[in-house]
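Chemist: After the structure tokens below, expect a handful of questions from me.
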Amino acid sequence: MSVLSTRDPSCTASLSEAIRTGLAPDGGLYVPRELPRVELSTFAGAHEIGPIAARALRPYFAGDALAEEISQIALSALSFPAPLRPLPTQASASMLELFHGPTAAFKDFGARFLASCLEAGDERDPPTILVATSGDTGSAVAAAFHERSRARVLVLYPAGAVSARQEHQLTCWQGNITALRVLGTFDDCQRLVKQAFVDPELRAGWRLSSANSINLGRLLPQVAYYASSSLAIHRAEGRPASYIIPSGNLGNAVACVWARSMGLPIERIVLAHNANRGVPDLLRTGTWTPRPSVATLASAMDVAHPSNLERLRHLARSLCGAPSLEVATLRSLVEAHSVTDAQIRATIRRGDKEWGVVFCPHTATAAHVYRELPRAEREGRHWVLVATAHPAKFEQLVEPLIGRAVAVPPALAELLERPTQARTVPADLAALARELEG
Ligand SMILES: *Cc1c(COP(=O)(O)O)cnc(C)c1O
């Protein structure tokens, strides 16, 4: 299947080209020409995320250079579980735990899949990968590419805006990975990466690729855990799943919307944002108000200009035809709420006390939105709280709130033993160009 840019439908590429390059040359984001429909019978006998991903993604790769390899890529990249656990004391709610990969956040799914796709095609001309991170993407991408691919990776993260353990995970790699501590915000990091992609000199000098969720190779595998969890609920209860998704750049949100459009048994999709409330405000008022990002406890979601909003709006436009109906159509695709730091703290405390579950600050935004649902709505559906990271990554916040230590998963413990190294750079393109020169 070919893909096209959100900005110009005549700007097309094959899916594997789109994965190799990341951003479309016109500055738009690649989207599938159409979202394939799948029958639920396609998934008969498949229960683990790897085999489900292989079947869900096959139609996207039909006719592509990677078509033959896609099953193997899915099975090897998505080789750790995404368990759905009932939420204690709640009649019909579960947590989808996406933090059992090498760096303990959901970004591992997309990063490993992307690395496998690029590795399958990088024999002759290994890419230079730029990745802006608000904390979790960078380490997932570093872990996925470290010493495995010939690709070189530059990770840009905002100085002082990630947790101590996140920073450790970002800076403990070396070899083909360079960690850049940028004197700016996450939005600055994201802007620098986008500028690099459209800069003629940098484009000519390097085969640049992006590992942010602007890259389809990150987004598509995320469809798989919405498929596996909604199928599990549908098989057990004969009803669809509804999701509450902690959201920043809206990659996870787009993946869930795409999964529903493909015919998977998904009903409502509710986005939980932190105090960066651009998306909830857009849906409420109908207009986008540009604002700077604000720092919150759920720092991986501190995004003022979510890049994947462009994909959601593109889908809304293609569904409704008339630009005047775009926001109304967006409202029919997703709902969105904003959660304050005080509510995040209170939810972490109460989650531990009342449900015996320790949330990371991001997952806590979803748990807060769930708690605030009117009772009839809460009990009338099977709600899935998407748990995006392990609470041990944010122990400096979480442990004082619950009054005890959070056990560190073994993969994370191993990374925290390693020495670290980072280069501090100003937030401008010239500095990034110098780092590329190495
Ligand atoms: C990246 C991240 C998010 C936000 O996900 P998007 O796909 O960017 O909306 C939420 N929680 C955690 C822990 C993250 O790392």
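Chemist: What's the total number of residues in region 261-276 that are surrounded by fewer than 23 Cβ atoms within 10 Å (Cβ to Cβ) and either of a type in the set (D, E, K, R) or away from the ligand (no atom under 16 Å from the Cβ) (or both)?
Modeler: So the count comes out to 6.
Chemist: Right, next: So, in region 228-251, how many residues would count as being within 18 Å of Arg85 (Cβ to Cβ) and touching a helix residue (DSSP H, G or I) at 6+ places or on another chain (Cβ under 6 Å)?
Modeler: Going through region 228-251 one residue at a time, the tally reaches 7.
Chemist: Return the total of residues in region 379-402 being within 16 Å of the ligand (Cβ to nearest atom), of a type outside the set (Ser, Thr, Tyr) and surrounded by 12 or more Cβ atoms within 10 Å (Cβ to Cβ).
Modeler: Number of matching residues: 13.
Chemist: Are there any strands (runs of 3 or more DSSP E) wholly within region 206-310 with 2 or more residues that are modelled with pLDDT of 95 or more and more than 15 Å from the chain's Cα centre (by Cα), and if so which?
Modeler: Correct list: 241-246, 266-273.
Chemist: Of all residues in region 61-113, how many are among the acidic types (Asp, Glu), in contact with a strand residue (DSSP E or B) (Cβ under 7 Å, 6 or more places away or on another chain) and over 19 Å from Gly251 (Cα atoms)? Step through it out loud before you land on a result.
Modeler: Quick first cut of region 61-113, residues among the acidic types (Asp, Glu) only: 64, 68-69, 97, 108.
Subsequent filtering for residues that are in contact with a strand residue (DSSP E or B) (Cβ under 7 Å, 6 or more places away or on another chain) retains 64, 97.
Adding the requirement that they be over 19 Å from Gly251 (Cα atoms) leaves 64.
The qualifying residues number 1.
Chemist: Only residues that are under 22 Å from Pro32 (Cβ atoms) and touching a His at 6+ places or on another chain (Cβ under 6 Å): list them for region 223-259, please. Steps first, answer last, please.
Modeler: Applying the first criterion (under 22 Å from Pro32 (Cβ atoms)) to region 223-259 yields 223-231, 243, 245, 247, 249-259.
Hit for region 223-259 is Ser247, nothing else.
Chemist: Right, something else. Working carefully through the options Arg165, Arg181, Arg203, find the one that is within 14 Å of the ligand (Cβ to nearest atom) and surrounded by fewer than 24 Cβ atoms within 10 Å (Cβ to Cβ). So that I can check it myself, show each step before the final result.
Modeler: Working: Arg181 fails: within 14 Å of the ligand (Cβ to nearest atom); Arg203 fails: within 14 Å of the ligand (Cβ to nearest atom).
Of the residues listed, the single one that is within 14 Å of the ligand (Cβ to nearest atom) and surrounded by fewer than 24 Cβ atoms within 10 Å (Cβ to Cβ) is Arg165.
Chemist: Please give the number of the condition Val279 fails out of (1) buried (at least 20 other Cβ atoms within 10 Å of the Cβ); (2) more than 16 Å from the ligand (Cβ to nearest atom); (3) not hydroxyl-bearing (Ser, Thr, Tyr).
Modeler: (2)
Chemist: How many of the residues making up region 218-251 are at negative phi and within 14 Å of the ligand (Cβ to nearest atom)?
Modeler: The initial filter retains those residues of region 218-251 that are at negative phi, namely 218-237, 239-249, 251.
Then keep just the ones that are within 14 Å of the ligand (Cβ to nearest atom); that gives 218-223, 225-226, 243-249, 251.
Selection size over region 218-251: 16.
Chemist: For the list (1) of a type outside the set (Phe, Trp, Tyr); (2) buried (at least 16 other Cβ atoms within 10 Å of the Cβ); (3) within 27 Å of Thr128 (Cα to Cα); (4) without any contact (Cβ under 8 Å) to a residue 40 or more places away in the chain, I need the number of the one condition that Ser79 fails.
Modeler: (2)
Chemist: If you take the residues in region 105-160 that are in contact with a helix residue (DSSP H, G or I) (Cβ under 6 Å, 6 or more places away or on another chain) and acidic (Asp, Glu), which one is farthest from the ligand (Cβ to nearest atom)?
Modeler: Among those that are in contact with a helix residue (DSSP H, G or I) (Cβ under 6 Å, 6 or more places away or on another chain) and acidic (Asp, Glu), it is Asp108.
Chemist: Of Ala405, Ala413, Ala376, which residue is of a type in the set (Gly, Ala, Ser) and either outside any helix (DSSP H, G or I) or within 16 Å of the ligand (Cβ to nearest atom) (or both)? Give the derivation first.
Modeler: Working: Ala413 fails: either outside any helix (DSSP H, G or I) or within 16 Å of the ligand (Cβ to nearest atom) (or both); Ala376 fails: either outside any helix (DSSP H, G or I) or within 16 Å of the ligand (Cβ to nearest atom) (or both).
The conditions single out Ala405.
The values are calculated or read from the model by the stated rules, or taken from the named source; none is laboratory data. These figures come from a predicted structure and were not determined experimentally. When we count neighbours, we look across all protein chains shown, and the Cβ atoms used for this are built from the backbone with ideal geometry, even at glycine.
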